[in-house]
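The values are calculated or read from the model by the stated rules, or taken from the named source; none is laboratory data. Please read all numbers here as calculations on a predicted model, not as lab measurements. Here the Cβ positions follow ideal geometry from the backbone for every residue, glycine too, while neighbour counts run over all protein chains shown. Just so you know, the surface numbers come from the protein's heavy atoms only, side chains and all, with ligands and any DNA or RNA stripped out. Shrake-Rupley method; radii C 1.70, N 1.55, O 1.52, S 1.80 Å.
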Amino acid sequence: MNDSWLIKPSFDDVYPVAAYGEGVFIYDEHGNKYLDGSSGAVTASIGHAVPEIVEAVTEQARKISFVYRSQFTSQPAEKLAEKLNDLAFEADDPYYSFFVNSGSEANETALKIAVQYWQEQGLYQKHKIISRWTSYHGITMGALSMSGHTERRKRFAPMLEDYPGISPPYCYRRPAQESCSNYEMKCADELDAAIRRTGAEQVAAFIAEPIIGAAGGVIVPSAEYYKRIKEICDHHQVLFIADEVMTGIGRTGKMIAMEHYGVKPDILTLGKGMSAGYAPIAAALIHDRILEPIRKGSKAIIGGHTYSANPQSSAVALAVLTFIEKHQLVDRSAKNGEYLVNQLRNMALTTPIVGDVRGKGLLIGIEFVSHLFTKTPFPKQLNLTRLLVEKARDKGLLIYPASAGIEGGDGDAIIVSPPLTINKQEMDTLVKLLQDSIHEVQRDLMLKGYMDSTG
């Protein structure tokens, strides 16, 4: 007889049953306590069971929870779009919002709008998208086609478009004797070559995560890299799409991660932290100049979903953004991130399997290696990332599994991304639990001969 009719991520795993959350902690049905060191999937950015958000959910539910976007608009959706435009880059450049339900849908919407933008001007041949290897933009077919995540692509590869084309600016594994800045410029210039090889007349857009998340374990480029990327896009008349599903809404110490780089994308996508996990909602934000030919042409974006611009989800997201502003959580993310990354780097001094600690704000990646000097990854079959995630969970810490960014999906990494509301004592607890987890796994690896005592 079945214990559960629910299909879970792995058929072999046993999952604790979440009972309730409080702040940065989740409690299971047996009363066990877990520090949410990853905000779930880098999502629960203001913590759990925040009274103001619970109140907003209830208040909107008493009014109306659903209208169909082709029949009605709603005050929550209108106000949310206005708020996002105000927050996007704190400037006069107007961005309009197209609301969907998930980051995958937001990126697929961005793809379609980019292609439609050129169609409205009679340039029907500009339909290809270029993206990077070591990237992840979502699990729907269009978003997965744009993703350079080897493990998630390979099962569906025959059905996908061949979009990924350039290397990530992955400085940790740059060639020996080459400076990071030179290496990044070479990676950026690959975009110029890819556009020329494809033919600029066929390329609609280039999409990139400002900071590479799940596919690379938080790879952080420099501002010069993105300035070069935008220069190349503009030169070839190719739109630049910034996938801010993971990095947006304060996660990196700025409201929008592209603020770090001084570059304004033509289209940007949001999700995850936009509603902090309290309701499903995401968005594609389209610059006014991209909408202009559509306004003058067909006067409609071809896309949308049943729950697009849902008033219930919109009200929740608006309450989350208000909470973030009221409690100055963007600044707090920057300050907490600086403290936490320093503590994790100190921890790495006693954990020789930690090869690199990197990040911005409270989006931090840790890459693991079997030897610090050669940066040799552990054997893939060992599945070190899973061992670490499970060991941490047993100790009451939730961390997010990631790929390290090595070609072919080799390498191990995790993401540490607690709620922006975390305090110093809770960060110290997080570091201690993670350190204990890594030390135990490290001892097991030594006993099994996967590394020597010096790392």
Kindly check whether there is at least one residue in the stretch 160-175 that is surrounded by fewer than 15 Cβ atoms within 10 Å (Cβ to Cβ), part of a loop (DSSP other than H, G, I, E, B) and of a type in the set (A, V, I, L, M, F, W, C). no
Can you find a residue in the stretch 322-333 that is small (Gly, Ala, Ser), touching a residue at least 40 places away in the same chain (Cβ under 8 Å) and more than 27 Å from HIS48 (Cβ to Cβ)? no
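Can you name the residue in the stretch 434-448 that is of a type in the set (S, T, N, Q) and touching a helix residue (DSSP H, G or I) at 6+ places or on another chain (Cβ under 9 Å) and, of all such residues, is surrounded by the most Cβ atoms within 10 Å (Cβ to Cβ)?
Out of the qualifying residues, it is SER437.
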Which of the residues that make up the stretch 131-152 are open to solvent by less than 10 Å² (accessible area, probe 1.4 Å) and either more than 19 Å from ASP412 (Cβ to Cβ) or in a helix (DSSP H, G or I) (or both)? SER131, ARG132, HIS137, GLY138, ALA143, LEU144, SER145, MET146, SER147
Identify, from the list GLY199, GLY213, the residue that is touching a residue at least 12 places away in the same chain (Cβ under 8 Å) and either surrounded by fewer than 24 Cβ atoms within 10 Å (Cβ to Cβ) or of a type in the set (Gly, Ala, Ser) (or both). GLY213
Could you please tell me which pairs satisfy a Cβ distance under 6 Å, a separation of 6+ or placement on different chains, a first residue in the stretch 434-455 that is of a type in the set (A, V, I, L, M), and a second residue that is open to solvent by 10 Å² or more (accessible area, probe 1.4 Å) and at pLDDT below 95? LEU445/MET451; MET451/SER370
For TYR183, indicate whether it is touching a strand residue (DSSP E or B) at 6+ places or on another chain (Cβ under 9 Å), surrounded by 15 or more Cβ atoms within 10 Å (Cβ to Cβ), at pLDDT 95 or above and under 21 Å from THR374 (Cα atoms). no
Look at the stretch 65-77 and say how many of its residues are over 16 Å from LEU321 (Cβ atoms) and open to solvent by 80 Å² or more (accessible area, probe 1.4 Å). 7
Are any residues in the stretch 416-455 in a loop (DSSP other than H, G, I, E, B) and under 25 Å from the mean Cα position of the chain (by Cα), and if so, which ones? SER417, PRO418, PRO419, LEU420, THR421, ILE422, ASN423
Those residues of the stretch 352-381 which are part of a strand (DSSP E or B) and within 13 Å of MET451 (Cα to Cα) amount to VAL354, PHE368, HIS371, THR376
Selection status of TYR278, more than 25 Å from LYS126 (Cα to Cα), among the aromatic types (Phe, Trp, Tyr), at pLDDT 95 or above and open to solvent by less than 30 Å² (accessible area, probe 1.4 Å): no
